[in-house]
Amino acid sequence: MVFEMFQEDRNRRDKIKVILTNIFMAISVVAILAITLMLTLGYTITKDLDLTQTGLVRIGSNPSNATVTIDDDGNQLKTTAKSNLLPGVHTVMVHKSGYTSWKKQITVNSGGVLWLDYIQLFPLQNKVTESLKVDSSDNYAFSPNAKRFIAVSNTERGAISISDITGSTAKTKQASFVNILTPFDGEARLEIAKWSEDSSKVLIKHYFGGQFEWLLLDLERIEKSVNLTDYFQEIFDDVFFGAENGEIIFAAKSDVLNKLDVSNSVNVQIDSNVVRYVSYGDKLAYITITRDLEDKEITTLWTYRSRDTRPTRLREVHSSSKIAISSYRSDDYLAVFDKDALYVFQGQFQSDDNGLSGLSLLKTIAVSYDVADLSAKHRFFTLQSQNDFLSYDIETENIKMFNLGDGETKPIFWLNNYLFGTNTGQLVVYDFDGDNKQELLTAKAGTPAVITSDHKYFYFIDDEADGKLVLKQLNLITK
């Protein structure tokens, strides 16, 4: 009897041990999973023993394998690199032997991801080669994707040189579109007006005998080029692309906007009473001024896509409003500078079944500029008033105001999606927010430059002693 009681007590203790062990193991598993999840989400314990979620910073550079230091903490990373940082302001420095250094103050948000994958380091010793000579009277331009350079002759009628600048040396071919020019014996001039987004086509304005005509050049099949003025039997004041491949053209005449389908010979009116417009890819934004029954002026902002059957009303705006369009990731963006504020809309240009816009207000930024030029590039909208700038980053929603110095207003041009430049005879390059100023080379004042998409070459225009202009290449990679 005593033995049986002892055995029952022992069995009970063993069961309790098993239960406690299982509970402990379950708690341990939950704790391990919780810790793993928190580490995955970037949580860490600070020096003050606070549990804080970090933000992830991804850092890339051209060239790669550059050294990264953050807040001078003694640790060094190599690009491409990533680091989890506590929320707040940090200083990132990137350097590599033989190249200029790069430095920026960044703000890291808890749980956020910040991409610094656009860093461009320039060689300290410039290795420059000549690629192509052009006549000083030629009209020339780089393509938006930095893959082509074209020069249209104003001395040899209808002649064009098309250069592929994607390789180590520019490959140039000569072509002619004289067959689509209206015959004229007197002085004439050709001007490159617009590029298609895919850089396969270009719009040329031909001035002759006090009149002008519009030409659509197909750079890949020059024989497919079209004289738009003859083709549609109409003289438009302005034409610009309404599709990335250049098959659709938007055209303005007086206060009327039209859509031209070149392949199908179709000319359709989009709207009238138009006073301002801008396009990007297949998207169009424009402003109309009309009057109601009481003769009150109504200024309205509209959006339209080349495949739409009708425009979509967005909102009333000020008569002096400036507009710009961009697309980033899967969204469309429209910026409106309206008197004393910048309004940024996000969404899709198409309307719903009720005709309501797919764009909604994302950000309102109070701006004190009296006169401004509004432009868009990639994920950035830029306001310029003389040499004062405001840059708005769509992804981070950061606003940066900066100044490019006193004196004459400096027009800017974009080298790629993240860098812009100025050229007053000295090529100067900046990050999109005005940081990391780099004084590079002397060049012909007022001419643009580009960085090729593989980040290996920097192309620019310079003067020659014989009166010619020369396309030059700066090698961005040192051996």
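Only the coordinates and a few stated rules stand behind these numbers; no lab work does. These numbers were taken from a predicted model, which means no experiment stands behind them. We place every Cβ from the backbone using ideal geometry, glycine too, and count neighbours over all the protein chains shown.
Couple of notes before you dig in:
- Cα shape, segment 388-479, gyration tensor, a/c 1.5 rule: oblate
- Sites matching trypsin sites (Lys or Arg not before Pro) across segment 251-323 that sit in DSSP coil, with at most 10 neighbouring C-beta atoms within 10 Å: Lys296
- Extension gain, Arg307 back to Asp135 (0.36 nm per residue minus Cα-Cα distance, nm): 57.8 nm
- Cα-centred dipole magnitude for segment 51-120, charges only on beta-carbon of K, R (+1) and D, E (-1), debye, nearest 20: 180
- Rough spin-label spacing in nm, given labels placed 7 Å along Cα→Cβ, for Thr67 and Ile235: 6.6
- Label-to-label distance, nm, for residues given as Gln426 and Ser101 (7 Å Cα→Cβ offset): 2.1
- Proximal lysines relative to Lys363, as straight alpha-carbon distance under 24 Å, when same-chain residues fewer than 8 apart are discounted: Lys283, Lys322, Lys339, Lys377, Lys400
- Relative contact order of segment 65-207, defined on C-alpha pairs under 8 angstrom at six or more residues apart (%): 13
- Neighbourhood charge, 14 Å Cβ-Cβ cut-off, centred on Asn264 and excluding it, Lys, Arg +1 and Asp, Glu -1: 0
- Estimated from helices alone, the mean residue ellipticity of the chain at 222 nm is -3000 deg cm²/dmol (sum of -39500 (n - 2.57) over DSSP H runs with n ≥ 4, per residue).
- At R0 = 22 Å, FRET efficiency that the Cβ-Cβ distance of His318 and Asp388 yields, to 0.05: 0.60
- Computing FRET efficiency as 1/(1 + (r/R0)^6) for Gln269 and Asp340, where r is the C-beta to C-beta distance and R0 is 25 Å, gives about 0.15.
- C-alpha long axis of helix 2-40 to longest principal axis of the chain, angle in °: 20
- By the count of neighbouring beta-carbon atoms within 10 Å, fewest first, Ser168, Ser321 end up ordered Ser168, Ser321.
- Across the chain, Cα pairs under 8 Å and at least six residues apart give a relative contact order of 9 percent.
- Entry for semi-axes √(5λ) of the Cα gyration tensor in Å (calculated from the structure that is shown) out of (1) 42, 25, 23; (2) 48, 24, 22; (3) 54, 32, 22: (3)
- Full-extension gain in nm, Met93 to Asn475, via 0.36 nm per residue minus C-alpha separation: 135.2 nm
- Between the alpha-carbon centres of segment 240-271 and segment 360-418 there is a gap of 29 Å.
- Each Cα pair under 8 Å and six or more residues apart adds its separation to the average, and for segment 191-342 the resulting relative contact order is 12 percent.
- Additional length obtainable on full extension of the chain from Lys444 to Phe184, 0.36 nm per residue less Cα span: 90.4 nm
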